Structure formats: structure tokens, C-alpha cells
1. Please go through the stretch 46-57 and give me each residue that is open to solvent by less than 60 Å² (accessible area, probe 1.4 Å), under 15 Å from Val150 (Cα atoms) and not aliphatic (A, V, I, L, M), ordered by number.
2. Could you figure out which of (1) under 18 Å from Tyr177 (Cα atoms); (2) away from the ligand (no atom under 16 Å from the Cβ) isn't true of Pro153?
3. Being in contact with a helix residue (DSSP H, G or I) (Cβ under 7 Å, 6 or more places away or on another chain) and either part of a helix (DSSP H, G or I) or at pLDDT 90 or above (or both) is the filter; apply it to the stretch 223-236 and report the residue that is nearest to Gly168 (Cα to Cα).
4. Go through the residues of the stretch 125-135 one by one and say whether even a single one is farther than 20 Å from Gly76 by Cα, open to solvent by 50 Å² or more (accessible area, probe 1.4 Å) and basic (Lys, Arg).
5. Filter the stretch 187-242 for residues that are of a type in the set (Asp, Glu) and over 21 Å from Leu88 (Cβ atoms); which is most open to solvent (accessible area, probe 1.4 Å)?
6. Could you list, in sequence order, all residues of the stretch 214-223 that are within 14 Å of the ligand (Cβ to nearest atom) and either of a type in the set (Val, Ile, Thr) or over 15 Å from His101 (Cα atoms) (or both)?
7. Taking the stretch 156-186 on its own, how many of its residues are open to solvent by 50 Å² or more (accessible area, probe 1.4 Å) and away from the ligand (no atom under 16 Å from the Cβ)?
8. So in the stretch 245-261, with the set limited to residues that are open to solvent by 30 Å² or more (accessible area, probe 1.4 Å) and part of a helix (DSSP H, G or I), which one is farthest from the ligand (Cβ to nearest atom)?
Amino acid sequence: MLKKLFLSTAVSLLLNACATSPTGRSQFIYMPDNQVDQMGLQAFSSMKSKNPISGNQRYSQFAQCVAYAITQQTGGQWEVVVFEDESLNAFALPGNKIGVHTGLINLVDNQDQLAAVIGHEIGHVLSRHSNERLSQETAVSTGLAMVQAVTQPQTALGQTALGLLGVGAQYGVILPYSRIHETEADTIGLDLMAKAGFDPRQSVNLWLKMDKAAQGGQPIEFMSTHPSHASRIDNLNQNMSRAVQLQQQAWGGGRQPRCSK
Ligand SMILES: [Zn+2]
């Protein structure tokens, strides 16, 4: 009886598996969004309990200020936490959670560069990339089991779940986003930062800075989950004139953020 029930749930999930991303790409997605949000909330709360949160008020206000300007464009309440961690990283999780490492804040030259990273991360969430990765890389039964497993990062299934959410690196599991997902997050992130009134041209500077830091041998968690593709900067430049217009419109509309660290 239970097996039948499970099977019919699985079949109905699969029948509803076609979706479209914000850039118009068709996606295979079967996990219920509320379950994936639940995974994000769980992962974030365990990160907060296990990793030191920065006591630097200026850093925290800086990250909040940048994230707030961007999330005004997406809607929803987002929680932003700065973690005391020298590695260059930031992440956003389903369920509207954003984490930024102090190492990344040290790296950026200005608010616009931090906005480029946060916009990119939110781009992954808005495009439901975690859900798509779970749907592509697991069976329905495993996907649903992962909702529970995310509370147990010491297990193999829990680690895979965190990896697919994009935050497995600190648990030893690195599952990089695909090139398609990276490009999509770049495109959405660029629009978002520009609509918030940040200078979109700083996104290119940020990625060049990241590459340089990686070549210098700095531990860069971010680059392991968000691989750098030669086409990243080309793609950003192709979308730049539109993004600059969006920024001018934002300024015209009084959206001119002033966040400083
Ligand atoms: Zn990415």
C-alpha cells in the first residue's frame, strides 16, 4: 500500500517535471520547491551553529546593505550572515539565505564588486539550480530522502545533498555548477545588480580579481563550486550595455546605493 502510494507520488512528481528558468531555458525539475527550501534552511542553520559568525559590525552592515539593495529587486525577506572565514566565498541558499565570508569582503574594492557576487548567488537561487541539480542527479526516492539527510552531514547522502545545494565544500564534497548554470547566474546577477543601482562593469573586475587570487594560490572555495570559464567575461560584456542602461534607470529612479566597508 505504502509502496503504491509512493509510486503514485513519484509518477505525479515526474509528470510535473517541466519548468522554465528566468532566462527562458527549459528545466527538468521534480522536487517540490518547499522541500528544497527546507533543505536550504536546514543547511544554513547548521552552518550558523558550527561556523563562527563575524563580530565585525562594519562588515556585517556592508553585506546587509548590498544584499538589501539587490533583494529589493527580487522581493522576499533574505537573511544575510557574514562568517569569520578567510577563504574567498559567498553563497545563497533556497529559502532566501545568504552567507558571505570575511575573506571575500577583504578582497573586494567596492560595493559593486560585492554586489556582483551576491547577485550571481541569488541568480542561482532564482533559477532554482539546486532543485534542478537534485532532479537531474538523483532518483525521486533519493531526492526526497535528501531532504532529511541534509541534517546529517556526516553521512554520504547528507554530503551529496549539501554538495548539490552548492555548500558541500566545507564538508569535503565539491559539486561544481555546470557552465550552463554559471552563465545563467551571471546573466541574472548582472541584471539584478544593475537594477539595484550598482555599477555592472565592476562584475568583470571582480572575476578578474578572483582569477588572479586563484592563480596566487589563495584557497578559494568559491572557484571550486563556481568554475571560471573563459567565456564568463565575454558573456558579461555582451550583456553590459543593457546592464549599464538598467543602472542609469535605477539612478534616475533614486536607487543609488551607498554601502561601504
Ligand atoms: Zn555560480
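The values are calculated or read from the model by the stated rules, or taken from the named source; none is laboratory data. What you see is a predicted model; the values in this text were computed from it and never measured. When we count neighbours, we look across all protein chains shown, and the Cβ atoms used for this are built from the backbone with ideal geometry, even at glycine. The protein model used for the area step is the full one, side chains on, heavy atoms only, and it has no ligands, DNA or RNA in it. Shrake-Rupley method; radii C 1.70, N 1.55, O 1.52, S 1.80 Å.
1. Scanning the stretch 46-57 gives a single hit, Ser46.
2. With (1) under 18 Å from Tyr177 (Cα atoms); (2) away from the ligand (no atom under 16 Å from the Cβ) applied to Pro153, the lone miss is (1).
3. Thr225
4. There is no residue in the stretch 125-135 that is farther than 20 Å from Gly76 by Cα, open to solvent by 50 Å² or more (accessible area, probe 1.4 Å) and basic (Lys, Arg).
5. Asp234
6. Answer for the stretch 214-223, where residues must be within 14 Å of the ligand (Cβ to nearest atom) and either of a type in the set (Val, Ile, Thr) or over 15 Å from His101 (Cα atoms) (or both): just Ile220.
7. Residues in the stretch 156-186 being open to solvent by 50 Å² or more (accessible area, probe 1.4 Å) and away from the ligand (no atom under 16 Å from the Cβ): 6 in total.
8. Gly252
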